[in-house]
Every structure is written in structure tokens, then in C-alpha cells.
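Here the structure is laid out as C-alpha cells; the discussion comes afterwards.
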Amino acid sequence: MNWPRVRLPPGLGAAFWLAAALLGLAEAALHSEAVLLRYRSVFAVGRAYDKLHALEQRPPALLFIGNSRVDNGIDPLAVARAWPGAPLHGFNLGLPGANAVVYHGALRRLDARGLLGGGAIRAVVLGLDESALQDGDSLGYASFLADRRALWDAARYREWLGSLVRLWSYSGNLRQLREPEKALRFVEASVREVDPVGGAAAGRLGYRPGFGAAQNANQVASQEQAAWSPPSPAVEAFLWHAIGLLQMRGVQVFVTLPPLRDRRPAFVDARPDAAPYRDLLARLRQRGVVVLPQPVGYRAADFINAGHLNDHGAQRYSAELARQLAMAGFR
């Protein structure tokens, strides 16, 4: 069969192939961790790779994972200082805006590198909040960090396709380059190494001190609103997959509920619409997950905003976590 040949208008042939080549290069760049790492000061995904590379180069015994409430709420160095036993190496893998789909993908990546259990990561502390169980990926992590096979098995075909065609799935984040500040940071990162806000991940073991204006106010409002929406069953399934993987590798699993300024976490709130979260916490205990005591006694001066601790609050919370983990049996 003779297929018809596509004929471009005169003069457009070279332009078409040049545009196709540029798009191909852009797509290839989004599949290169080295390129994304280069722009870690511009895109959240680049900063996530900065964290992953740092912990993979020096695997911790204790891994903290969660979203922004972990990112700027737990200082592994403060945990180590308060640790009652031998020196303890921890790392903070808090990823702002991430949910359980992304947590699972990050843990699958670490498992593929042989870092779960054995002589590497012995325990994981999951900083759990309501938004971790909600659908949504405004920062575009899923296309890069979610486990592709798990996305297919969960019939999340759009995200699965996005992991293959990242230029399409990440286009919303790339459009942020129209903002002058982002564009200037992109140009600067193109000509020299620029660390993200809060510094390189290796310097503070993944911890980012209170970041004030860098926290998106809309994201904070969205997290607070999500507190009273029930968990997404599809996202919750990834949480159970992650816990199953950790337990299969012999990794101790702990859950902590980061302190909030104005309310109790839904997991321990008596409101009727918080019942799904209370039930989830009970099922975590049934699965052998150690739920650490809810931190109390924090003041407004310990917070940047309603959901995030400042550095002073983080130092207190980190020391408290060290004591709780020791009492809960982590060695």
C-alpha cells in the first residue's frame, strides 16, 4: 500500500523539522535527572532530585518522609543531638505538595537501589496529614517520581502517559517561566550552579528551615480545606502499598502527625466528618505501624503559618521525635 506523503507548504519544511527537533530535545531534557537537578532552584521536581541524590549517596538509618510539613518541620541534625544512644544518621525527604502516590514512588526507587532494610534505611517516619491522602499534583511530581507500573495497575492512565510524555504533563509548571522572577532564576541556573531556597539538600540533610514567603498561600489554604474532605480511596491505596513494601523489607514504620497552629489533625479530631481519618489511623495500628503521640503545647510563635513550623518550632518538634522514637523501640 502506498501511503500519501505529507507535503508542507513551501518554506515550512525546515521550520517544521527544527521545531520537532527542539521539542524532542526538550522532552529528552525532562527525562534527564542531571538536567532537572541543574534547575533545582527553579522547579520543585529538581529540588526533589537534589534530596534523592543526597540520601542515595549517603543512605540514612532513619528516613523522614512527607510533604512541606515534614520538609520544614523535622531537622535530622536536631533529632541526632537529642538521640539518647549512639550517633544517629537521619534524612528529611519532605517534598512540598506531595501525596502518598509520590511517597510510594520515592520508596520504590530507594528499594530498587537496595536501600530499604539491610544495612541501609532501618526505619521510616511518615509525617502524615490530610492532604497526603488527597488527589492533586500541582507541582508535577507524579510524572517523575510515581512508580510507572503502579500507575498502570491503578488505572491512572493519564499520569502513566504523563510519565512518558513529560513535556505535555509538565507544561503547566513550565509555563511558570513566564514569570520574571522564575525566568531570571532559570537563566541564572543555566550558567552557574544555584542551590534551591534553604540550601542544598546535603547541607542540612534535607531539612529546609522556616521559609516564610516562599510558602504558597494558596497551597496552605488548600491543605487546610482538604482536612475535612475524606481521603481519596485511590491515593490511600498507594499509602498501603508503601507500608506493605517497607514492612516486607523489615523496615520499622512510624507515623507522626505534625503539629498545627489552629486545630487538631483530623486523625485525632472528634468531629463527625473526621471519622474517615480516625478510622485510617486505627487501621495503621492494626497493620503494625507505630503511631507516635500527638505533639502538644506548641504556640503561635512556633509557626510560620497555620500548618508549618518555623525553625524554632522545628527544633522543638525534632527533639521530641527523637525521644518518642527511642521510647517506641527504634534502635
Legend entry - Spacing of the two label points (7 Å from each Cα toward its C-beta) at Ser229 and Ala300, in nm: 2.9 nm
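So how strong a dipole does the chain carry about its Cα centre when Lys and Arg Cβ are +1 and Asp and Glu Cβ are -1, to the nearest 20 debye?
Roughly 500 debye for the chain.
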Inset, instruction - Work out how much length Glu179 to Ala112 would gain on full extension: take 0.36 nm times their residue separation and subtract the Cα-Cα distance, in nm to one decimal. - result: 20.4 nm
Legend entry - Between the stretch 267-331 and the stretch 144-217, the Cα center-to-center distance that results, in Å: 27 Å
Legend entry - Label point distance in nm, Ala21-Arg285, each placed 7 Å from Cα along Cα→Cβ: 6.5 nm
Inset, instruction - Tell me the label-point distance for the pair Asp135, His89, using the 7 Å Cα-to-Cβ offset, in nm and rounded to one decimal. - result: 4.1 nm
Inset, instruction - Please work out the average accessible area per residue across the chain, using the 1.4 Å probe convention, and give it in Å². - result: 47 Å²
Legend entry - Percent accessible area from carbon and sulfur atoms, the chain, protein chains only, probe 1.4 Å: 58 percent
Inset, instruction - Restricting to the chain, compute how many DSSP beta bridges are antiparallel as a %, nearest 5. - result: 10 percent
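The values are calculated or read from the model by the stated rules, or taken from the named source; none is laboratory data. Here the structure is a predicted model, which means the values were calculated and not measured. Positions of Cβ are generated from backbone atoms using ideal geometry, with glycine treated the same way; all protein chains shown enter the neighbour counts. Areas reflect the complete protein model, heavy atoms only, side chains present, ligands, DNA and RNA absent. Shrake-Rupley method; radii C 1.70, N 1.55, O 1.52, S 1.80 Å.
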